[in-house]
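The values are calculated or read from the model by the stated rules, or taken from the named source; none is laboratory data. None of the values given here were measured: they were computed from a predicted structure. In this analysis, Cβ positions are derived from the backbone assuming ideal geometry, glycine residues included, and neighbour counts consider all displayed protein chains. To get the accessible areas, we keep the full protein, side chains included, count just its heavy atoms, and leave off ligands, DNA and RNA. Shrake-Rupley method; radii C 1.70, N 1.55, O 1.52, S 1.80 Å.
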Amino acid sequence: MFMTRFHRRAASVATCLLLGSPLALAPFAGAHAQTYPDQPIRLIIPYPPGGATDVIGRIVGKNLGDQIGAQVVIENRGGAGGNIGAVEVAKARPDGYTLLMGALTSHSVMSILEKGKLSYDLQKDLTPVGVVGSVPLVAVANPSLKVSTLPELADNAKKNPGKLNFASSGAGAPQRMAMELFKQIAGVNIVHVAYRGSGPAMTDLVGGQVEVMTETVPAAISFIKSGQLRPLAVLTPERISMLPDIPTAKEQGYDNYNVSSLFGVMAPAGTPKAILDKVNAALTTALAKDEVKKQLLEQGVYADPLSIDASAERLKAEIALWDKVIKDGNITTR
């Protein structure tokens, strides 16, 4: 039977597919990347609507879509501490049309605390597209606790081992991990009390049921300004514009006490590099705009876009940090 060029090409592709030849498929991946995106992109937010990741994701999705020239559709897939949404992206086709708005610090912590229990591997099944930025944390205390700095907190805790309590928004939350890191650096014993979210934790902290907490600046700032909570230090290398008068942990002698909640976009492993490059370039351009920076800062996020390679290194560092903290502290999900 006479075969046209198209039929011969189709037969060749079918043969390559059967043989699983990556070299034969490479040109098609390249062609796909050249036309990408030619349909809407799904941005999965692994938490319910209204939370920090959701708000950040909607700002990122809108501006990424404007920059890359395609609609970015937001889909919330909350549950299991962000793992349900992460699994959905990890198992999706690696074609650039399903992305994850990741809470990278939380995902890093859960990948260690729940190791062997998760149905995906953070580093093997997902790949960073680009860091978006971070939300700084601040150490705060109930005013009834007569401390004003981290050294004073450490001194109080050493004099009263096991008598002080700290709140967190969840067993695997960055807020908890930040205080666990302080305990190890300062060599103190402060008892963890886990809550279901920042709201209940802050309510009990303000009420004096617990004495201290490390919390995101956006969640704590109104209580700080009203005098209901006393700020001890911001946990960033330099002072921040939202709390310019509050010293850093580094200024107080804790050089390695630097914790923020990191956010970034991730894609299924195996997504063609050309597509990742396109998304990263669009993301970087969008985040460089003053109006986008302002939108994020209003939500407490300091935009800090990174290249794909730099994002991968940042994620590795995040995982390594919390792996050490969790192992050294024998920390569990309780």
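Taking 0.36 nm per residue of sequence separation and subtracting the Cα-Cα distance, how much length would be gained by fully extending the chain between GLN228 and LYS316, in nm to one decimal?
Stretched out fully, the GLN228 to LYS316 stretch lengthens by 28.0 nm.
What is the range 207-334 by shape, rounded, prolate or oblate, if you read a ≥ b ≥ c off the alpha carbon gyration tensor as root eigenvalues and call it rounded for a/c under 1.5, prolate for a/b larger than b/c, and oblate otherwise?
oblate
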With r as the distance between the Cβ atoms of GLN184 and GLN209 and R0 = 22 Å, compute the FRET efficiency 1/(1 + (r/R0)^6) and round to 0.05.
0.35
If amide H atoms are built 1.01 Å from N in the plane of the peptide, which residues on other chains or at least 5 residues away come under 5 Å of the amide H of LEU164?
VAL191
Rounded to the nearest 0.05, what FRET efficiency do THR35 and THR333 give with R0 = 56 Å and r taken as the Cβ-Cβ distance? Could you check?
0.80
Provide the net charge surrounding HIS107, with neighbours chosen by a C-beta distance below 12 Å and charges set as Lys +1, Arg +1, Asp -1, Glu -1.
-4
Pairs over 27 Å Cα to Cα, from LYS124/LYS250; LYS250/LYS327; LYS273/LYS316; LYS146/LYS316; LYS62/LYS278; LYS115/LYS293, come to LYS124/LYS250; LYS146/LYS316; LYS115/LYS293
Taking θ as phi - 60°, what are the ³J(HN,Hα) couplings along the range 158-171 by the Karplus curve (6.51, -1.76, 1.60), each to the nearest whole Hz, with x for Gly and Pro?
5, 6, 10, x, x, 9, 8, 10, 10, 8, 9, 7, x, 4
Roughly speaking, to the nearest percent, how much of the range 286-334's 1.4 Å accessible area is carbon and sulfur?
49
Can you give me the % of accessible surface on the range 104-218 that is carbon or sulfur? Probe 1.4 Å, all protein chains present, nothing else counted.
48
Take the Cα coordinates of the range 78-232, assign each an equal point scatterer, and use the Debye formula without solvent to give log10 I(q)/I(0) at q = 0.15 Å⁻¹.
-0.82
Largest first, please: the extent of the C-alpha atoms of the chain along each principal axis, to the nearest Å.
91, 42, 31
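Whole number in Å², please: accessible area per residue of the chain, 1.4 Å probe, ligands, DNA and RNA not counted.
Here the per-residue accessible area is 46 Å².
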